[in-house]
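**Student:** Below is one structure. I have some questions about it.
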Amino acid sequence: MQKKSKLKFVGNSLLLLIIIAIIIYVLKNSLHDIIWQLRQTDIEILIGVVILGMAYQMIEGVNIARITQFFQKSFTWKDGFFCAAYVVFYRVISFGSGTSVSEIVYYHKKGVQTSEGIGIAAMHLINYKIAVMLFAIIGLVFQLPELYHHAPKMIPFILLGVAVTFVVVFAIIFLSSNQKVHVWLIEKVKKHLKKEKWLKRLEKVNEQIFSLRRAIKSITEDHLGIVKLLAINVVKLVFWYSIPFFVLRDSHDFSFFLIFSLMSFTTVLSGVIPAPAGIGSFEFVYMFLFHPLVGTVDAAASMLLYRFASYMLPFLIGMIYVLVTKRRQMREEFELIKEENTKE
């Protein structure tokens, strides 16, 4: 028992060191440009950007809590607040590969079953995608002449982005709610599997899909709750989409709704346009849409400040949460080792 406790303590210590090393690397490299821009920004603008970013984070906490409370009543908005930051932190240090897993792991730590956690993550994604799609459609309807003047070639891509978003939402809802399709797919796959271990894995997947469908069904049965969730997701995006206007409003003359629409186009397009020459797809689309309006320098500055509010700020919150949690966990493990040594 003592050996097992020591190995666990050493393993967590090594993991903490690896996390710290990745944090240092990310801060020095991936977030270097954002940190540089923060130093060049007036304190009033920086405070406003932080307020808008934190407002989004808090509303996201409420959003996650309302979904999770279908399964875990004790889950609070603070848990949701730190969940959002926790997911961003692991998305950054895993370079995107650990996003979905980290969200489900967080729910599991709060007493939510894995299958229910998958259902929560799916509903979280669906509500976000619907809000993004809604704003993009509204922006396209009211800003079509302006968009046609500045970037006519982007219009087909925006329509494609809306279509892809709709397909993703429809596919998740359809596959998770249609039992006949689910059973048909499982039977088709089972016919092509011969090895016992693969059949066992398929059976496990089958059980998880059943659990996922039950989880999503229990959420979608509350129609008023779904409407409230969609409203929350619409409101939270308002704070993020307002950041470029807040940053650029003093130096340029344009309408709030134009900037808001460009942000909605950027979000929906970044999911369908591949990143050229290693540049992030969001950054590429943002610069493409904004630089004709405000110039390359101001477009880059506003983009970096937006990235600070939507990316670096939750990353830093998540980093503090993870380090404090790991420290507490290691202290408990160390105390356990001391108790075991005393008993011997």
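Read-outs: derived from the displayed coordinates by stated rules, not from any lab. Keep in mind the model is a prediction, meaning the values are calculated, not measured. Please note: Cβ atoms are built from the backbone with ideal geometry, for glycine as well, and neighbour counts cover all protein chains shown.
**Student:** How would you rank LEU316, LEU17, going from fewest to most other Cβ atoms within 10 Å of each one's own Cβ? Display every interim value, and only then the final one.
**Tutor:** Working: LEU316 17, LEU17 10.
Listed from fewest to most nearby Cβ atoms, that is LEU17, LEU316.
**Student:** Right, next: For the pairs LYS153/LYS228; LYS110/LYS197; LYS110/LYS217; LYS129/LYS236, flag any whose C-alpha to C-alpha distance is greater than 24 Å. Could the numbers behind the result be given before it?
**Tutor:** Values: LYS153/LYS228 36 Å; LYS110/LYS197 31 Å; LYS110/LYS217 21 Å; LYS129/LYS236 13 Å.
From the list (LYS153/LYS228; LYS110/LYS197; LYS110/LYS217; LYS129/LYS236), the Cα-Cα distance tops 24 Å for LYS153/LYS228; LYS110/LYS197.
**Student:** Also: Of the listed peptides 224-230, 48-54, what is their order by residue-averaged count of other C-beta atoms within 10 Å, with the highest listed first?
**Tutor:** Ranking the peptides 224-230, 48-54 by packing returns 48-54, 224-230.
**Student:** Also, I was wondering about something else. Within the stretch 229-330, which trypsin sites (Lys or Arg not before Pro) sit in a loop by DSSP and count at most 15 neighbouring Cβ atoms inside 10 Å?
**Tutor:** Passing sites in the stretch 229-330 are ARG249.
**Student:** To continue, here is another question. May I have the extent of the alpha carbons of the stretch 90-185 along their three principal axes, as whole Å values ordered from largest to smallest?
**Tutor:** 52, 39, 19
**Student:** Take ASP253, ASP42 and order them by how many other Cβ atoms sit within 10 Å, fewest up front.
**Tutor:** ASP253, ASP42
**Student:** Take the Cβ-Cβ distance between THR220 and LEU175 as r, set R0 to 22 Å, and report the resulting FRET efficiency rounded to the nearest 0.05. Please list the in-between numbers first.
**Tutor:** Numbers: r = 14 Å, r/R0 = 0.63.
Calculated transfer efficiency: 0.95.
**Student:** Within a 10 angstrom radius of the beta carbon, how do TYR90, TYR107, TYR311 rank from fewest other beta carbons to most?
**Tutor:** TYR311, TYR90, TYR107
**Student:** Work out how much length GLN113 to VAL235 would gain on full extension: take 0.36 nm times their residue separation and subtract the Cα-Cα distance, in nm to one decimal.
**Tutor:** Separation in residues times 0.36 nm, less the Cα-Cα distance, equals 41.0 nm.
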